1. Could you check region 282-302 and list, in sequence order, the residues that are over 24 Å from the mean Cα position of the chain (by Cα), more than 16 Å from Val329 (Cβ to Cβ) and either at pLDDT below 95 or open to solvent by less than 10 Å² (accessible area, probe 1.4 Å) (or both)?
2. If a residue has to be loosely packed, with under 11 Cβ neighbours inside 10 Å and modelled with pLDDT of 85 or more to count, how many in region 232-253 make the cut?
3. Here is a list: Ile260, Ile300. Which entry is within 28 Å of Gly323 (Cβ to Cβ) and assigned to a helix (DSSP H, G or I)?
4. Being open to solvent by 70 Å² or more (accessible area, probe 1.4 Å), at negative phi, among the aromatic types (Phe, Trp, Tyr) and at pLDDT 90 or above: is that true of Tyr16 here?
5. Against the definition (at pLDDT 75 or above and surrounded by 19 or more Cβ atoms within 10 Å (Cβ to Cβ)), how does Leu315 come out, yes or no?
6. Which numbered condition in (1) within 20 Å of the chain's Cα centre (by Cα); (2) surrounded by 14 or more Cβ atoms within 10 Å (Cβ to Cβ); (3) modelled with pLDDT under 60 is the only one that Glu178 fails?
7. What pairs can you find where one residue is in region 293-312 and closer than 30 Å to Lys348 by Cβ and of a type in the set (S, T, N, Q), the other is part of a helix (DSSP H, G or I) and open to solvent by 50 Å² or more (accessible area, probe 1.4 Å), and their Cβ atoms are less than 6 Å apart, with a gap of 6+ or different chains?
8. Of the numbered conditions (1) open to solvent by 20 Å² or more (accessible area, probe 1.4 Å); (2) modelled with pLDDT under 90, Asn208 fails exactly one; give the number of that condition.
Amino acid sequence: MTEDNITRIYMDDKEYILIGTAHVSKHSAEQVKEVIEAENPDAVCVELDEQRYQSVKDDNKWKNMDIFKVIKEKKASLLLMNLAISSFQKRMAKQFGINPGQEMIQGIESAEQVNAKLVLADRNIQITFARIWNNIGLKGKAMLLTQVIASIFSKETISEEELEKMKQQDTIHTILQEFTDSFPRLKKPLIDERDQYLAQKIKEAPGNKIVAVLGAAHVPGIKEQIQKDHDLSKLREVPPKSKLPKIIGWSIPVLILAIIAYTFYANPQAGWEQTLSWIIWNGGLSAIGALIALGHPLTILTALIAAPITSLNPLLAAGWFAGFVQAYVKRPHVRDFETLSEDVFTVKGFWRNKVTRVLLIVVLANIGSSLGTFIGGVDVIRVFLENL
């Protein structure tokens, strides 16, 4: 049995065997099988949460997705990020002829074969994304969504040598490398907190011999954190949203409406100019976003009409309305959900699949509306100052 990428820790009469894997590597999957069969552990921990475990076990997971519910619960951006990650993994996997996450699948299967207790040791990915999302501000959110969408277009291939280097990185971190370089503080929710969470779950695993199947990037942190105690409930918390964005979100429309109202009072013609500018910039850019996503004409019209209104109410978003209309007039069929995991592999597939097209419409129409709010707001203030 090779000892490459294997770390052994002895603590409190227990032996922990950490297998550092590359998430797309034939060798990693083979090594997981080899180690578990040779060690016959009491428990096997895998770097999965319940949601990703069900995704691995259920090939038909997309069939039960309710696209209307996704939009209503404001999870379109999160789902698009998950699909972009899936697309990245599939590109890497297809290039090297294996399934993404095969080492985790092998860990699950080998645990069953040796009758070891399976422990899902990672934090829920939605909590991780939520802690990232709440930590990057409006500019960061725009950059992240831009990078995620740009990753869909990526046609890059990697060499075997570069694949080996990927063993030193977390899967999500690999995809968001450029972004995390711009926001170094994201290392905390993305890597450091998950090291703590994984370490505590591994430490709490039943039995005296524990095998843990992990991305190699986590092994150094887990070696350090397993010596400490961590409160899992705190690591699961989604931090409360700052009140500042909400204050700003309501202040801007109130200010815009007050400025337009005063301008109408002082100079009705200038007031109409402001109103028209607000409608054109908000509606126009939101409609362009829906158009780029190849939305139905009714969808584009909805974005055009909704954006100037929803921009004045932080509780609403033009993309939601556009997404609902698109999902209604071009309702995704069972086939779209069945082929979703394959369609995300290509740019053409992302735009062709009715599910991902709805998600793209929600995101791009919202981005357009946000840009329109900024540009339109500046123009409203310009007209106001010119007519003082």
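The values are calculated or read from the model by the stated rules, or taken from the named source; none is laboratory data. Just so we're clear, the structure is a prediction, and the values are computed from it rather than from any experiment. Backbone-built Cβ (ideal geometry, glycine too); neighbour counts: all protein chains shown. In case anyone asks, the SASA skips ligands and DNA or RNA and just uses the protein heavy atoms, side chains included. Shrake-Rupley method; radii C 1.70, N 1.55, O 1.52, S 1.80 Å.
1. Asn282, Gly283
2. 2
3. Sole residue among the options that is within 28 Å of Gly323 (Cβ to Cβ) and assigned to a helix (DSSP H, G or I): Ile300.
4. The answer is no for Tyr16.
5. Judged against the criteria, Leu315 is not a match.
6. Only one criterion in (1) within 20 Å of the chain's Cα centre (by Cα); (2) surrounded by 14 or more Cβ atoms within 10 Å (Cβ to Cβ); (3) modelled with pLDDT under 60 is unmet by Glu178, namely (2).
7. Correct list of pairs: Thr302/Phe321.
8. Result: Asn208 passes all but (2).
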